[in-house]
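Have a look at the structure below, then the notes.
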Amino acid sequence: APRMSLAVFSASGVANRFHLCVSLKNSRPRSTGSSRSKLPRGVRSGRPFAATTNEMASTTTSSFLDEADFDAMRDAMQLFDEQRDTVIKRSRDITKASKVAIYCLHRGEMDKADAQIALALAAADELLPLVTENPQLRTSGSYSGGLEEYAEAAIFAHFIRTGMVLPAKQIQRCNNDEYLGGVLDFTGELNRFCVARATERDVAAVTKCRDVVDALMGIFLKFDFRNGALRKKYDGLKYTLKKMENTLYEMSLTSAAAKRSREDEGDAEDDAEE
């Protein structure tokens, strides 16, 4: 009997210890692999996270790109923007002086027009070294547009004095596109000049203007302009020629009517005398 009770006691004690171990194990917090993977690598390894980030940044900068190369490009772009602003501001003076010169030419103030053309030329020469060093500034900085306006004023002044179109070799600062643009713009001013002479009944001057535009029309027909500023200006040339031809036609009609009126008055006087 004593042996049996000891065996029972020992079995029950082992069972209680087993259940106690199982309950303690279940009550412990479990760590998942996902929460561990969310931690930065430097923290898992025991190193500070900031130190790891700095090491990666320095390694990337030195291994994959040349930062000095990008700095040089940034400085070049900044310099170009500054030069472009300078060209734009000074090119306005070229355009303004040329427009004032054209206004003076229509009013017959040749001396004032020459002075304004000289101012435009001085501004163009001031920017010429900068534009020569960086050709991209010629078109992106309004310099080319200013030279077109200058060419227009110079050609118009030369025509009023000589009745001829100023050759391109006498406007050396303009390239081919700028000179051709100036010539096409000049035909528009010539149409205004033609109307002014028509009000004075100056048939010879109007005929001269029409002949010049007609000759230019024949020359420009030989060009093959692509879509652009020159093409748009060329398309307007035929309308300028048509306006001048209409002006001459109207002058011929009014001249014929005036002649017929004088003849009728003469016939009436003869009949009265008879």
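The values are calculated or read from the model by the stated rules, or taken from the named source; none is laboratory data. Bear in mind the structure is a predicted one, so any value in this text is a computation, not a measurement. Here the Cβ positions follow ideal geometry from the backbone for every residue, glycine too, while neighbour counts run over all protein chains shown. Surface areas here come from the heavy atoms of the whole protein model, side chains and all, with no ligands, DNA or RNA. Shrake-Rupley method; radii C 1.70, N 1.55, O 1.52, S 1.80 Å.
Please tell me if R138 is open to solvent by 40 Å² or more (accessible area, probe 1.4 Å) and assigned to a loop (DSSP other than H, G, I, E, B). Criteria not met by R138. The single residue among L105, L128 that is in a helix (DSSP H, G or I) and modelled with pLDDT under 95 turns out to be L128. Among the residues of the range 149-166, none qualifies, meaning not one is within 22 Å of the chain's Cα centre (by Cα), surrounded by 14 or more Cβ atoms within 10 Å (Cβ to Cβ) and either farther than 30 Å from C194 by Cβ or basic (K, R) (or both). Residues of the range 203-260 that are within 16 Å of R192 (Cα to Cα) and assigned to a loop (DSSP other than H, G, I, E, B): G236 alone.
Taking the options A113, A157, A123, A118, name whichever one is assigned to a helix (DSSP H, G or I), in contact (Cβ under 8 Å) with a residue 24 or more places away in the chain, out of contact with any His (no Cβ under 8 Å at 6 or more places or on another chain) and under 15 Å from R173 (Cα atoms). Before the answer, list the steps.
Numbers: A113 fails: under 15 Å from R173 (Cα atoms); A157 fails: under 15 Å from R173 (Cα atoms); A118 fails: in contact (Cβ under 8 Å) with a residue 24 or more places away in the chain.
The match here is A123.
Counting only residues that are touching a Cys at 6+ places or on another chain (Cβ under 8 Å) and closer than 23 Å to E149 by Cβ, which one in the range 194-231 is surrounded by the most Cβ atoms within 10 Å (Cβ to Cβ)?
Only one residue fits best here, namely C209.
Can you find a residue that is farther than 30 Å from I160 by Cα, of a type in the set (V, I, T) and in contact with a helix residue (DSSP H, G or I) (Cβ under 9 Å, 6 or more places away or on another chain) anywhere in the range 75-86? The answer is yes; a qualifying residue exists. Within the range 167-187, the set of residues being buried (at least 18 other Cβ atoms within 10 Å of the Cβ) and part of a helix (DSSP H, G or I) comprises E178, Y179, L180, G181, G182, V183, L184, D185, F186, T187.
Picking from I117, I102, I88, which residue would you name as being open to solvent by less than 40 Å² (accessible area, probe 1.4 Å), in contact with a Gly (Cβ under 7 Å, 6 or more places away or on another chain) and either aromatic (F, W, Y) or within 23 Å of K233 (Cβ to Cβ) (or both)? Spell out the reasoning first.
Numbers: I117 fails: in contact with a Gly (Cβ under 7 Å, 6 or more places away or on another chain); I102 fails: in contact with a Gly (Cβ under 7 Å, 6 or more places away or on another chain).
The unique qualifying residue is I88.
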